[in-house]
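Encoded as structure tokens, the structure appears first; notes follow it.
The values are calculated or read from the model by the stated rules, or taken from the named source; none is laboratory data. Since the structure is predicted, the reported quantities are computational estimates derived from the model, not experimental observations. All Cβ positions, glycine included, derive from the backbone under ideal geometry; neighbour counts span all protein chains shown.
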Amino acid sequence: MRILSGLCDDFGQVEILEHYNDYYKMRVPKGNKSIGFVFSLIENKREEYKISEYSASQTTLEQIF
């Protein structure tokens, strides 16, 4: 799948969390990239990867002691 190899090039690794039919839920390491970077990257490659719909979210865990 082209999108997986492309995302690996940009993020170093991709973890597939869910997959059924044409739906994929993936996780990539944040590193020093912003959520805006992710949206821009996917938006610019929508046609190339034949993406009809997508969403991106930033998950964080904060712990207070």
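Below is a table of values for the structure above.
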{"quantity": "Check on ASN32, out of contact with any Ser or Thr (no Cβ under 6 Å at 6 or more places or on another chain), modelled with pLDDT under 90, of a type in the set (S, T, N, Q) and loosely packed, with under 14 Cβ neighbours inside 10 Å", "calculated": "yes"}
{"quantity": "Unmet criterion (only one of (1) part of a loop (DSSP other than H, G, I, E, B); (2) at pLDDT below 90) for SER52", "calculated": "(2)"}
{"quantity": "Subset of region 1-43 (residues that are in contact with a Lys or Arg (Cβ under 7 Å, 6 or more places away or on another chain) and not in a helix (DSSP H, G or I))", "calculated": "GLU15, LEU17, GLU18"}
